[in-house]
Amino acid sequence: MRISVPAKAVITMHDRDIEQRVHDFKEVDGGMTSGEATLEAERCLQCKKPLCMKGCPVGIDIPAFIREIASGNFQKAAAIIKEQNMLPAICGRVCPQEVQCEEQCILGVREKPISIGELERFVADTERAHGMVPPQKKTSTGRKVAVVGAGPAGLTASAELARMGYHVTLFESLHAAGGVLMYGIPAFRLPKDIVKAEIAAVLTLGVELKLNHLVGRSITVKELLSYDAVFLGTGAGLPYFMGLPGENLPGVYSANEFLTRVNLMHADQFPLFDTPIKKGSRVVVAGGGNVAMDAARVARRLGGKVTLVYRRREEDLPAREAETRRAKEEGIEFVLCANPVKILGDQGITGVECVRMEMCAPDQSGRPEPAPIEGSHFTIDADVFIAAIGQGPNPLLISEIPELKRGKRGNVVVDSEFHTLMRKVFAGGDVATGAATVILAMGAAKSAAKAMDRMLREE
Amino acid sequence: MYSVERAGPLADKVYQMWVKAPHVAHHAQAGQFVIFRIDEKGERIPLTISAVDGDSFRVIFMTIGKTTTHLAALKAGDHVLDVAGPLGKPSETHMFGTCVLVGGGVGTASLPIIARALKASGNRVIGIVGARNAGLLILEDEMAKACDELLISTDDGTKGFHGFAADLLKQVMAREKVDAVWIIGPAMMMKVTCEVTRPAAIKTFVSLNPVMVDGTGMCGSCRVIVGGETKFACVDGPEFDAHQVDFNLLMGRLRTYQPEEKESLERYNAHLCACKGGDHHA
């Protein structure tokens with residue numbers, strides 16, 4: 001059933017013109033104006049028992065910040081958000097609000113839920129434009145903690161612990177902090193100057209950032225364990241390949257590699273930047289998640305004709321609906337219920353052989369299990385192939401610490417407080433859960449930081 | 001920013017550079033590598049750690065593309081923006097007995113640090129350093145000091161044995177029992193030379209240098225096939241059992257960006273000419 005909604009009250013579409021945006025990496029969604037934000041905020045019912053907050057992994061006081069927007073107190077709104085979340089401009093953009101706060105919003109029952117994500121983003125962008133207010137922190141406890149990995153989990157743990165008065169050393173193996181926010185999510189979805197600004201705010205808390213340090217190699221595990229407590233936020237950076245014949249041909253990429261070359265190394269600007277990439281005139285992306293959409297849309301911006309091959313149905317696509325819609329708008333061709341079985345070519349790729357899939361009885365995930373249909377093979381011409389079928393927890397550091405218990409999928413096993421089997425060591429984010437979302441990693445990091453604080457104060 | 005302490009040519013197109021980076025120097029072990037990014041526009045390239053002294057470590061490289069050409073232009077007092085490492089698994093340098101280390105061209109750079117580690121474990125170490133001609137030989141003195149015995153070969157006979165390092169390896173194997181061999185050099189040289197030790201099934205290591213991006217196991221650019229399995233050279237290697245390596249795949253993947261590498265170098269050289277060497281930052 002479709003419910004008609006007064007046009008004036010619902011503001012969501014700020015996407016740039018399609019023809020223009022497929023030629024650059026500037027942000028697609030332009031965000032709300034202050035007038036639109038105020039109007040949207042006024043729709044909020046200010047529920048006594050706000051359901052939206054139940055959907056927020058970091059516990060932002062959503063009605064309170066929306067109330068401040070409605071009153072025109074944008075700085076106050078920013079301060080309310082930042083009590084719980086140091087990365088609001090990032091989260092406003094990449095959180096799947098439609099399955100979190102906005103899904104819970106009572107207005108969603110009858111009409112459209114409040115665009116909480118857009119409002120969060122508006123508040124953060126407005127504050128940044130007017131000069132960010134330095135965050136408050138408690139006096140020093142004199143204790144030292146180490147955080148490993150400067151992605152969403154590590155940044156959040158660092159910020160929380162620094163605010164509690166701990167001296168935080170944050171180790172990052174790459175040359176830039178941000179983790180997946182820098183190397184994974186493309187600039188047209190998350191501009192990198194915004195990521196840098198929010199990281200800079202975390203660093204103003206006195207967090208000591210050590211770039212180019214791979215823990216386990218640049219510092220030993222023994223040195224790491226000399227800190228009073230340790231948080232592991234090393235993420236899910238291990239790319240899965242499909243095990244197909246021809247998968248090691250030049251021109252076959254993991255989504256991680258393809259995205260890193262462009263997002264972190266700026267290969268789209270080769271030869272102005274030194275890192276090259278095979279741009280591909282015909283690109284096939286395998287997968288249906290957000291990473292697959294990102295890879296497909298990057299390839300499109302590099303000038304290729306892009307086909308996305310997904311083994312299940314349209315309604316099973318794990319990507320956010322908005323990103324799937326944008327990918328389609330940008331001319332990505334979707335081949336659904338199909339799976340690559342072979343990469344064709346000799347020196348490089350000439351095509352991808354696929355097979356049609358039929359949907360059988362539901363599997364563990366509740367979705368119909370896809371199975372190949374015999375004799376339904378077909379070929380898609382391609383010169384670049386990108387496997388975007390998922391990532392596993394980074395095995396490198398955790399395999400160096402035998403005392404950590406590892407789960408079936410290679411993740412670090414933690415208890416409900418994100419405590420590992422080692423007394424001093426906590427872990428959160430994708431390394432503990434397997435590949436998930438930015439905000440779930442941040443929620444885990446916040447809980448872990450609280451538990452670390454409790455442990456250190458009880459000592 | 002990491003400062004260049006010393007730098008200069010070692011042989012034709014071969015340069016050495018000492019860089020101050022305590023996090024690397026204090027933890028580096030034989031066989032490991034670093035990733036350099038020269039400046040904001042730079043690519044990330046892997047280079048083997050060739051020696052360590054206090055807070056500094058040495059890399060040795062041949063000028064092939066733009067980045068190595070740019071690197072060779074850096075002098076003491078200049079900086080490299082990013083140095084990540086040490087990366088990769090260290091060499092297996094336990095007690096084998098008699099070890100032969102074979103270096104081809106610039107690959108010889110990796111050997112002295114391995115030789116010293118093997119000696120420290122009680123091994124007898126024989127070094128074989130080969131190059132196309134005498135002008136391309138590097139680290140003779142250092143290898144002579146690090147090894148119990150050093151043999152030299154040149155393809156054109158301008159110094160030492162006239163022939164390939166593989167021939168010298170055969171000679172050593174004919175005269176004494178060899179327990180482990182390292183072969184480090186260009187992919188083709190490693191592929192050919194490791195055939196010498198295959199019939200006798202002598203444990204043989206090669207160090208692979210495929211294209212890398214992060215160098216920490218996150219992108220899969222450096223994947224190689226070893227014993228029929230896909231491995232990431234950056235975290236599973238860079239040293240592997242030579243007799244299990246698919247060298248054809250390695251060489252094919254090394255050619256992936258040849259046209260781009262050529263374009264980048266030509267652009268850099270044209271820029272250098274245009275500003276008469278004043279500004280290297282193309």
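The values are calculated or read from the model by the stated rules, or taken from the named source; none is laboratory data. Quick caveat, the model's predicted, so the values are computed rather than measured. Note: ideal-geometry Cβ built from the backbone for every residue, glycine included; neighbour counts use all protein chains shown. Ligands, DNA and RNA are excluded from the accessible area calculation, which covers all protein heavy atoms including side chains. Shrake-Rupley method; radii C 1.70, N 1.55, O 1.52, S 1.80 Å.
Quick notes on this structure:
- Applying a threshold of 7 Å to beta carbon distances and a minimum spacing of six or more residues, or different chains, the list of pairs starting in the stretch A:386-399 at a residue that is within 9 Å of chain B (Cβ to nearest Cβ) and ending at one that is of a type in the set (Val, Ile, Thr) reads A:Asn394/A:Thr234; A:Asn394/A:Val431; A:Leu396/B:Thr216; A:Leu396/B:Val235.
- Every condition in (1) of a type outside the set (Asp, Glu); (2) within 14 Å of another protein chain (Cβ to nearest Cβ); (3) open to solvent by 10 Å² or more (accessible area, probe 1.4 Å) is met by B:Lys75 except one, and the failing one is (2).
- The single condition from (1) in a helix (DSSP H, G or I); (2) in contact with a Ser or Thr (Cβ under 9 Å, 6 or more places away or on another chain); (3) of a type in the set (A, V, I, L, M, F, W, C); (4) over 22 Å from B:Phe61 (Cα atoms) that B:Val196 fails is (1).
- Filter pass, B:Ile183 being open to solvent by 10 Å² or more (accessible area, probe 1.4 Å) and assigned to a strand (DSSP E or B): no
- Residues (in contact (Cβ under 8 Å) with a residue 60 or more places away in the chain and of a type outside the set (A, V, I, L, M)) located in the stretch B:125-141: B:Gly135
- Note on the stretch A:188-224: among residues that are aliphatic (A, V, I, L, M) and under 26 Å from A:Ala296 (Cβ atoms), the one that is nearest to the other protein chains (Cβ to nearest Cβ) is A:Val195.
- Residue in the stretch B:51-64 that is of a type in the set (Val, Ile, Thr), buried (at least 22 other Cβ atoms within 10 Å of the Cβ) and within 10 Å of another protein chain (Cβ to nearest Cβ) present: no
- Residue match in the stretch A:225-235 (condition: within 14 Å of chain B (Cβ to nearest Cβ), among the aliphatic types (A, V, I, L, M) and open to solvent by 20 Å² or more (accessible area, probe 1.4 Å)): no
- Residue check for B:Thr204: touching a helix residue (DSSP H, G or I) at 6+ places or on another chain (Cβ under 7 Å) and assigned to a strand (DSSP E or B): yes
- Residue within the stretch A:284-304 that is surrounded by fewer than 24 Cβ atoms within 10 Å (Cβ to Cβ), assigned to a loop (DSSP other than H, G, I, E, B) and within 14 Å of chain B (Cβ to nearest Cβ) present: yes
- Some residue of the stretch A:128-140 being in contact with a helix residue (DSSP H, G or I) (Cβ under 8 Å, 6 or more places away or on another chain), open to solvent by 10 Å² or more (accessible area, probe 1.4 Å) and over 30 Å from A:Gly72 (Cβ atoms): yes
- Just one of the listed residues (A:Pro191, A:Pro186) is open to solvent by less than 10 Å² (accessible area, probe 1.4 Å) and in the same structural domain as A:Ala445 (by TED's automatic domain parsing), and it is A:Pro186.
- Given (1) more than 11 Å from chain A (Cβ to nearest Cβ); (2) buried (at least 20 other Cβ atoms within 10 Å of the Cβ); (3) of a type in the set (S, T, N, Q); (4) closer than 21 Å to B:Gly185 by Cβ, index of the condition B:Thr67 fails: (1)
- Residue match in the stretch B:240-253 (condition: acidic (Asp, Glu), without any contact (Cβ under 8 Å) to a residue 60 or more places away in the chain and either more than 14 Å from every other protein chain (Cβ to nearest Cβ) or on the phi < 0 side of the Ramachandran plot (or both)): yes
- Qualifying residue in the stretch A:369-383 (condition: within 14 Å of chain B (Cβ to nearest Cβ) and in contact (Cβ under 8 Å) with a residue 40 or more places away in the chain): yes
- Scanning the stretch A:261-270 for residues that are open to solvent by 30 Å² or more (accessible area, probe 1.4 Å) and either farther than 16 Å from B:Ile45 by Cα or more than 7 Å from chain B (Cβ to nearest Cβ) (or both) turns up A:His266, A:Asp268, A:Gln269.
- Leading residue by the ranking (farthest from the other protein chains (Cβ to nearest Cβ)) among those in the stretch A:171-180 that are in contact with an Asp or Glu (Cβ under 9 Å, 6 or more places away or on another chain) and buried (at least 24 other Cβ atoms within 10 Å of the Cβ): A:Gly178
- Residue under evaluation A:Ile277, criteria (1) part of a loop (DSSP other than H, G, I, E, B); (2) of a type in the set (A, V, I, L, M, F, W, C); (3) more than 14 Å from chain B (Cβ to nearest Cβ), criterion not met: (3)
- Residues in the stretch B:83-99 that are at pLDDT 95 or above, within 14 Å of another protein chain (Cβ to nearest Cβ) and crowded, with 22+ Cβ neighbours inside 10 Å: B:Val83, B:Ala84, B:Pro86, B:Leu87, B:Gly88.
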